[in-house]
Amino acid sequence: MSAYGTTRHHGQPSANSTPASTTLFRRLSWEGTVPLEIRVDSKELPANSDRGLECYYIQAPRVSYLPLLMPEIRRFLMDVVFDEAAGKMLKEEEWWFESEEGTLLKWHWPIGLIYDNHTISASIRPPSQTSTSHHNLQVTPLKLILHLASPPTEKLLLSPSAESCKQAFMGQLKEADFVRWGNTKRMTGLRKQDQDGIWEGIKEHNFDDYWRVASKIVPTTAPARSGSPPPSTNPSGHTRPPSVDPQSAPDRDNAYNVRSVPVRLYLPDGPVMQDVVPPTLEDGSPHTLVHYLSTHLPLLFPPTPYSGPELAYAMMHGVLVPPDAEMAWLGACMAGADGWVSVCVGIAR
Amino acid sequence: MHRIIALNWRHPAPVDACLEIDDSLDVVDDGTTASHESPDSLTCHQYVVLSATFRVPAFYFSIHGSSGSPLQLSDIVQTTLLREDVCEGTVATTFAVSHPSMNFPLLSQGEHPTLGTPCWYFHPCETASAVQEILKESKENIRKPLSWMEAWFTVLSTAVDMQ
């Protein structure tokens, strides 16, 4: 404990001038959940199982993955649906999920992305009788059908195991690192303990465990000129104003100094778009969401001046994002746990 | 870039199949795949795709048996696609082949960036530096320097038998 006082306060992962607003948005993104209704395909229920109870409801963290839910689903099936003999036959490596509309769900996508992707796909289908809101963003359970055998291997990546999920997750983190800095030094510089630890944070859904490691690789949003003041707080809990230390290690990691923000764009029925997203534009102004959208999807987001009706909307973590949000800030505060900002574009009704 | 070729098992069971190789690097012609009726015939779809993250080409492929189902990784390493020494010192799981000294798996699963189909691919991050080395050497040694893509294919063929 230094003479200046404690280095941790209010659950912030780091006392090095992480603004409270940054932590707030990171926590909000982390704690987002979506409702799932999981039903075993009735054709695959054995004859002697209890058909009345075959639906399992779960409020799943957006940052988690379907394979991580499998142990819980398995316990439910063993307890409630299958008898012991049938339960012994369950082989999780053959499980696969499908949406009500027959879309194959990707087990290596975060659950929040699966949910949002489903929402925007629905935006181009004929409206159902329950769509009352303008953007049809009601939070209804995503209905999944769980199949227990014969995965369509020609269309689905093999191995829905937690291990392969972890490798896919680590791969995404490394790619995000590369996109930001042109190298993966921050990721490869992590000790093995930290590399395992960040995935444990996902598995256990623990914000502090995740950010203990993530704070070493995710850019900061502190004002670009701040140095690294010795950790200190005054009794009211505010960090000291930035010192005049010219060393500025946080500057090196500042969100506005990346060469590109890791962003992917999802359309209702198209391939995923990924392009270079500099934090600032040529004129020095910050790269905003509206600029990004009107550059990449000018027909859906016509550049100003435009006074017609809204044609499409952009959603992240299930919420509409203000057009003047800065891409660099989004990359530091509202990325997914895998480091990527996922912008889901739906068609306005 | 896409082509379909036929592959063999490295130590094939005695089978008399006479396999032709469809070597065109042009647009896919599904009708002329060279796989045969023999149980050991394998079809390999190969793609060269630009990696959006690493901004270099990456080599994606998938291999199917005659029944149409994709090969598992343990079988892929036994076909003639990969050069024998590629897997030295590597650790294989059902979903990747990795070398302890490398940041990314050597060979892992991924979705084709535009088709969305499951494929295997060689991680592209080390590619750029390998290509640069080859280009540098080619400028010094050979009268006609290699183009970037030629150098890239050279790097690729240290791991893959390009036939």
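Looking at the range B:117-124, can you tell me whether even one residue there is surrounded by 15 or more Cβ atoms within 10 Å (Cβ to Cβ) and more than 16 Å from the chain's Cα centre (by Cα)?
no
Among the residues of the range B:96-115, is any within 13 Å of the chain's Cα centre (by Cα) and at the interface with another protein chain (Cβ under 9 Å from one of its Cβ atoms)? I'd like the intermediate steps shown before the answer.
Start the filter on the range B:96-115 by keeping residues that are within 13 Å of the chain's Cα centre (by Cα), which leaves B:106-109.
Now narrow it down to the ones that are at the interface with another protein chain (Cβ under 9 Å from one of its Cβ atoms): B:108-109.
For the range B:96-115, residues within 13 Å of the chain's Cα centre (by Cα) and at the interface with another protein chain (Cβ under 9 Å from one of its Cβ atoms): present.
Suppose we filter the range A:190-218 for residues that are open to solvent by less than 60 Å² (accessible area, probe 1.4 Å), within 14 Å of chain B (Cβ to nearest Cβ) and over 19 Å from A:T22 (Cα atoms); how many remain? Don't jump to the end; show me each part of the working.
As a first pass, look at the range A:190-218 and keep what is open to solvent by less than 60 Å² (accessible area, probe 1.4 Å): A:190, A:194-199, A:201-202, A:206-211, A:213-215, A:217-218.
In the following step, the residues that additionally are within 14 Å of chain B (Cβ to nearest Cβ) were identified as A:190, A:195, A:217.
Now narrow it down to the ones that are over 19 Å from A:T22 (Cα atoms): A:190, A:195.
Final tally of qualifying residues: 2.
Say we look at the range B:70-95 and pick out the residues that are open to solvent by less than 50 Å² (accessible area, probe 1.4 Å) and closer than 27 Å to A:K106 by Cα; which of these is farthest from the other protein chains (Cβ to nearest Cβ)?
In this case the residue turns out to be B:V77.
For the condition away from chain A (no Cβ under 14 Å), surrounded by 14 or more Cβ atoms within 10 Å (Cβ to Cβ) and touching a helix residue (DSSP H, G or I) at 6+ places or on another chain (Cβ under 7 Å), what is the one hit in B:V160, B:V155? Before the answer, list the steps.
Working: B:V160 fails: touching a helix residue (DSSP H, G or I) at 6+ places or on another chain (Cβ under 7 Å).
It is B:V155.
Quick one: in the range A:137-155, which of the residues that are more than 20 Å from B:Q72 (Cβ to Cβ) and touching a Gly at 6+ places or on another chain (Cβ under 8 Å) is modelled with the highest pLDDT?
Result: A:V139.
Among the helices (runs of 4 or more DSSP H) confined wholly to the range A:156-258, which include 3 or more residues that are modelled with pLDDT under 90?
A:162-181, A:249-252
Open to solvent by 40 Å² or more (accessible area, probe 1.4 Å) and facing another protein chain (nearest Cβ under 8 Å), is that true of A:K174?
Values: open to solvent by 40 Å² or more (accessible area, probe 1.4 Å): no; facing another protein chain (nearest Cβ under 8 Å): yes.
Taking the combined requirement at face value, the residue does not satisfy it.
Mind checking whether some residue in the range A:269-290 is modelled with pLDDT of 95 or more, open to solvent by less than 10 Å² (accessible area, probe 1.4 Å) and either among the hydroxyl-bearing types (S, T, Y) or not in a loop (DSSP other than H, G, I, E, B) (or both)?
So far as the range A:269-290 goes, yes, one or more of its residues are modelled with pLDDT of 95 or more, open to solvent by less than 10 Å² (accessible area, probe 1.4 Å) and either among the hydroxyl-bearing types (S, T, Y) or not in a loop (DSSP other than H, G, I, E, B) (or both).
Limited to the range A:260-319, what total is found for residues that are over 28 Å from A:G32 (Cβ atoms) and either within 14 Å of chain B (Cβ to nearest Cβ) or aliphatic (A, V, I, L, M) (or both)? Let's see the steps before the verdict.
Going residue by residue through the range A:260-319, those that are over 28 Å from A:G32 (Cβ atoms) are A:280-285, A:298-299, A:302-309.
Keeping just the survivors that are either within 14 Å of chain B (Cβ to nearest Cβ) or aliphatic (A, V, I, L, M) (or both) gives A:281, A:299.
Selection size over the range A:260-319: 2.
Going through the range A:311-328 one residue at a time, which ones are surrounded by fewer than 23 Cβ atoms within 10 Å (Cβ to Cβ), outside any strand (DSSP E or B) and of a type outside the set (D, E)?
Residues satisfying the conditions are A:L311, A:G318, A:V321, A:P322, A:P323, A:A325.
Look at B:A128 and say whether it is more than 14 Å from every other protein chain (Cβ to nearest Cβ) and surrounded by fewer than 18 Cβ atoms within 10 Å (Cβ to Cβ).
Working: more than 14 Å from every other protein chain (Cβ to nearest Cβ): no; surrounded by fewer than 18 Cβ atoms within 10 Å (Cβ to Cβ): yes.
For B:A128, the condition - more than 14 Å from every other protein chain (Cβ to nearest Cβ) and surrounded by fewer than 18 Cβ atoms within 10 Å (Cβ to Cβ) - is not met.
Pull up the range B:29-55, narrow it to residues that are modelled with pLDDT of 75 or more and surrounded by fewer than 16 Cβ atoms within 10 Å (Cβ to Cβ), then point me to the one that is nearest to A:T153 (Cα to Cα).
Here is the first cut: in the range B:29-55, the residues modelled with pLDDT of 75 or more are B:41-55.
The next check asks that each one be surrounded by fewer than 16 Cβ atoms within 10 Å (Cβ to Cβ); those that pass are B:50, B:55.
Values: B:L50: 25, B:R55: 29 Å.
The residue in question is B:L50.
Would you pick out the residues in the range A:84-108 that are aromatic (F, W, Y), in contact with a helix residue (DSSP H, G or I) (Cβ under 7 Å, 6 or more places away or on another chain) and closer than 14 Å to A:A149 by Cα?
A:W95, A:F97 - these are the residues of the range A:84-108 that are aromatic (F, W, Y), in contact with a helix residue (DSSP H, G or I) (Cβ under 7 Å, 6 or more places away or on another chain) and closer than 14 Å to A:A149 by Cα.
Would you pick out the residues in the range A:329-345 that are open to solvent by 10 Å² or more (accessible area, probe 1.4 Å), hydrophobic (A, V, I, L, M, F, W, C) and not in a loop (DSSP other than H, G, I, E, B)?
A:W329
For the range A:194-211, does any single residue satisfy the condition of being within 19 Å of the chain's Cα centre (by Cα) and closer than 26 Å to B:G116 by Cβ? Can you show your working first?
We begin by selecting, within the range A:194-211, every residue within 19 Å of the chain's Cα centre (by Cα); these are A:195-211.
Subset that is closer than 26 Å to B:G116 by Cβ: A:199, A:202.
Yes, the range A:194-211 has at least one match.
Could you give every pair whose Cβ atoms fall below 8 Å, whose first residue belongs to the range A:291-302 and is over 15 Å from A:A325 (Cβ atoms), and whose second residue is surrounded by fewer than 16 Cβ atoms within 10 Å (Cβ to Cβ) and among the small types (G, A, S), counting only separations of at least 6 or pairs across chains?
A:P302/A:G308
The values are calculated or read from the model by the stated rules, or taken from the named source; none is laboratory data. Just so you know, these numbers come straight off a predicted model, no measurement behind them. A quick note on method: Cβ atoms are made from the backbone with ideal geometry, for glycine too, and the neighbour counts reach across all protein chains shown. Just so you know, the surface numbers come from the protein's heavy atoms only, side chains and all, with ligands and any DNA or RNA stripped out. Shrake-Rupley method; radii C 1.70, N 1.55, O 1.52, S 1.80 Å.
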